[in-house]
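Q: This structure is in structure tokens; I'll ask about it shortly.
The values are calculated or read from the model by the stated rules, or taken from the named source; none is laboratory data. As the structure is a computational prediction, the values presented were derived from the model and not from experiment. In this analysis, Cβ positions are derived from the backbone assuming ideal geometry, glycine residues included, and neighbour counts consider all displayed protein chains.
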Amino acid sequence: MIPYDCLSKVNEPYTLLFEKRFREFLDKGWYILGDQVKKFQEDFATYNQMNYCVGVANGLDALILAIWALHLPKGSEIIVPSNTYIASIISIIHAGHKPVLVEPDIATYNIDPTKIEAAITAKTKAIMVVHLYGKCCEMDPILEIADKHGLQIIEDCAQSHGAKYKGRMAGTFGIMSAFSFYPSKNLGALGDGGAVLTNSPELCEDLKMIRNYGSHGKYYNEVVGYNSRLDEIQAMFLEIKLPYLDNVNNHKRKLASMYLEQLKEDFILPVVHPDYHDVYHIFNIRHPKRAELKEYLQKLGIGTEIHYPVPPNKQKAMAQLLGHLHFPIAETIHETTLSLPCSACHTELAIQQVIDALNAF
């Protein structure tokens, strides 16, 4: 059996450190917004070559709080890719604004810069770029469009820890960037967690206040805030794992290179280009007989996933807002994509077995 992922194996190398630091954590008795969160925030900001990091409860909250901190006029339009995970769209709605969906590039699965300007109106205030599957968006033209129209850029980096575009880290292009530390991410906690990066000291202070009931000082509330604080224990786990993130990314890149070099032409593979340093949070292929392929692999004991089976405009939750819209490129991706095993828990031998099985399909 080759599972799609196995988080117990992923975290096994850190077990002794987890246990040692957890005992220290218990003995200290400070469980909310203490030294662990402070240290991780500093180190994660440094890793990403940014000035400030604000730890929050999860990746969705990171997006919501980042939008709130911009203080956009209520009902502003925010451009977002039509094939993103629904959290990107939900964050815009929860922040009181309108998501405007733009189709992706069928080759990269990221938002197509050539289609953005047609979606801009007088109400457009921001572009939310989503670095999907561990590949950065094509940021140069997006930055030009944002500058031309006076728009803010928010980066959804939930799947792109350590990814780069032209040598520059994901999360360093926009006014703010939001990260998720869901356990399956390349840098994953042992529960939920998230963070917002920014170079603005003012936004950093606003985010810290918003995440903590709108308070800078205990029991003194300046705004109607939120309760979304990165947990001390999750910050501790993340701080232990952060120094190994590049090793995890390099391992996944090695496994991805095996797929890219050996899979036959029947499968549509991720695009590789020297401008992009991809970290393969998800290694996806596309195939017109996706259902049959998934079932075939399952019978051989090979686990796969679909990211994602239903496009946002087809979700029941979005029926009233987006149900009347059609996004054929996104829908094609959602109908044909299949995610293959490509995790820190997998060996090259296991991936070779997956490749052999795929080529025999």
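Q: Quick one: LYS38 ticks every box in (1) more than 21 Å from SER160 (Cβ to Cβ); (2) within 18 Å of the chain's Cα centre (by Cα) except a single one, so which number is it?
A: Only one criterion is unmet by LYS38, namely (2).
Q: Do we have SER339 as farther than 23 Å from LEU101 by Cβ, within 18 Å of the chain's Cα centre (by Cα) and outside the structural domain of ALA163 (by TED's automatic domain parsing) here?
A: For SER339, the condition - farther than 23 Å from LEU101 by Cβ, within 18 Å of the chain's Cα centre (by Cα) and outside the structural domain of ALA163 (by TED's automatic domain parsing) - is not met.
Q: Starting from the stretch 304-320, keep only residues that are in the same structural domain as GLU335 (by TED's automatic domain parsing), then list their pairs with residues that are among the aromatic types (Phe, Trp, Tyr) and crowded, with 17+ Cβ neighbours inside 10 Å whose Cβ atoms are within a distance under 6 Å, requiring at least 6 positions of separation or different chains.
A: That search, which allows pairs on different chains as well, returns THR304/TYR4; GLU305/TYR4; ASN313/PHE327.
Q: In the stretch 1-51, which residues are among the aliphatic types (A, V, I, L, M), in contact (Cβ under 8 Å) with a residue 12 or more places away in the chain and outside any loop (DSSP other than H, G, I, E, B)?
A: Of the stretch 1-51, the ones among the aliphatic types (A, V, I, L, M) are 1-2, 7, 10, 16-17, 26, 32-33, 37, 45, 50.
Now narrow it down to the ones that are in contact (Cβ under 8 Å) with a residue 12 or more places away in the chain: 1-2, 7, 10, 17, 32-33, 37, 45, 50.
Residues satisfying the conditions are ILE2, LEU7, VAL10, LEU17, ILE32, VAL37, ALA45.
Q: Let me spell it out: the conditions are (1) part of a loop (DSSP other than H, G, I, E, B); (2) in contact (Cβ under 8 Å) with a residue 60 or more places away in the chain, and CYS204 meets all of them except one. Which number is the exception?
A: The failed condition is (1).
Yes or no, residue by residue, for (1) touching an Asp or Glu at 6+ places or on another chain (Cβ under 9 Å); (2) part of a helix (DSSP H, G or I); (3) of a type outside the set (Ser, Thr, Tyr); (4) in contact (Cβ under 8 Å) with a residue 24 or more places away in the chain:
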{"site": "PHE237", "(1), (2), (3), (4)": "no, yes, yes, yes"}
{"site": "LEU242", "(1), (2), (3), (4)": "yes, yes, yes, yes"}
{"site": "LEU245", "(1), (2), (3), (4)": "no, yes, yes, yes"}
{"site": "ARG253", "(1), (2), (3), (4)": "yes, yes, yes, yes"}
{"site": "SER257", "(1), (2), (3), (4)": "no, yes, no, no"}
{"site": "LYS264", "(1), (2), (3), (4)": "no, no, yes, yes"}
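Q: Give just the number: which of (1) in contact with a strand residue (DSSP E or B) (Cβ under 9 Å, 6 or more places away or on another chain); (2) buried (at least 17 other Cβ atoms within 10 Å of the Cβ); (3) part of a helix (DSSP H, G or I) does LEU187 not satisfy?
A: The one condition LEU187 does not meet is (3).
Q: Take the stretch 200-241 and flag every residue that is β-branched (Val, Ile, Thr) and either within 24 Å of the chain's Cα centre (by Cα) or buried (at least 16 other Cβ atoms within 10 Å of the Cβ) (or both).
A: ILE210, ILE233, ILE240 - these are the residues of the stretch 200-241 that are β-branched (Val, Ile, Thr) and either within 24 Å of the chain's Cα centre (by Cα) or buried (at least 16 other Cβ atoms within 10 Å of the Cβ) (or both).
Q: Every residue in the stretch 118-169 that is at positive phi and either part of a loop (DSSP other than H, G, I, E, B) or not small (Gly, Ala, Ser) (or both), please.
A: Of the residues in the stretch 118-169, the ones at positive phi are 133-134, 150, 162, 166-167.
Hits for the stretch 118-169 are TYR133, GLY150, GLY162, LYS166, GLY167.
Q: Can you tell me which residue among VAL100, VAL54, VAL80 is closer than 20 Å to ALA178 by Cα, touching an Asp or Glu at 6+ places or on another chain (Cβ under 7 Å) and not in a helix (DSSP H, G or I)?
A: Only one candidate qualifies: VAL100.
Q: Quick check on the stretch 56-65. Is at least one of its residues over 20 Å from LEU242 (Cβ atoms), assigned by TED's automatic domain parsing to the domain that holds ILE127 and touching a His at 6+ places or on another chain (Cβ under 7 Å)?
A: Scanning the stretch 56-65, I find at least one residue that is over 20 Å from LEU242 (Cβ atoms), assigned by TED's automatic domain parsing to the domain that holds ILE127 and touching a His at 6+ places or on another chain (Cβ under 7 Å), so the answer is yes.
Q: Output the number of residues of the stretch 111-156 satisfying the condition of being without any contact (Cβ under 8 Å) to a residue 40 or more places away in the chain, buried (at least 19 other Cβ atoms within 10 Å of the Cβ) and among the β-branched types (Val, Ile, Thr).
A: Final tally of qualifying residues: 4.
Q: If you check ASP105, ASP112, which single one turns out to be farther than 15 Å from ILE154 by Cβ and in contact with a Pro (Cβ under 7 Å, 6 or more places away or on another chain)?
A: ASP112
Q: Further, regarding this structure: Do you know which residues across the stretch 174-184 are surrounded by 21 or more Cβ atoms within 10 Å (Cβ to Cβ) and under 28 Å from LEU255 (Cα atoms)?
A: Matches in the stretch 174-184: SER177, ALA178, PHE179, SER180, PHE181.
Q: Give me a count of the residues in the stretch 14-50 that are loosely packed, with under 13 Cβ neighbours inside 10 Å and farther than 18 Å from ASP192 by Cβ.
A: Within the stretch 14-50, residues that are loosely packed, with under 13 Cβ neighbours inside 10 Å and farther than 18 Å from ASP192 by Cβ number 13.
Q: Condition test on LEU325, is it farther than 20 Å from LEU263 by Cα, in contact (Cβ under 8 Å) with a residue 40 or more places away in the chain, part of a loop (DSSP other than H, G, I, E, B) and of a type in the set (A, V, I, L, M, F, W, C)?
A: When the stated conditions are applied, LEU325 passes them.
Q: In this structure, is LEU65 farther than 25 Å from ALA344 by Cα and surrounded by 15 or more Cβ atoms within 10 Å (Cβ to Cβ)?
A: yes
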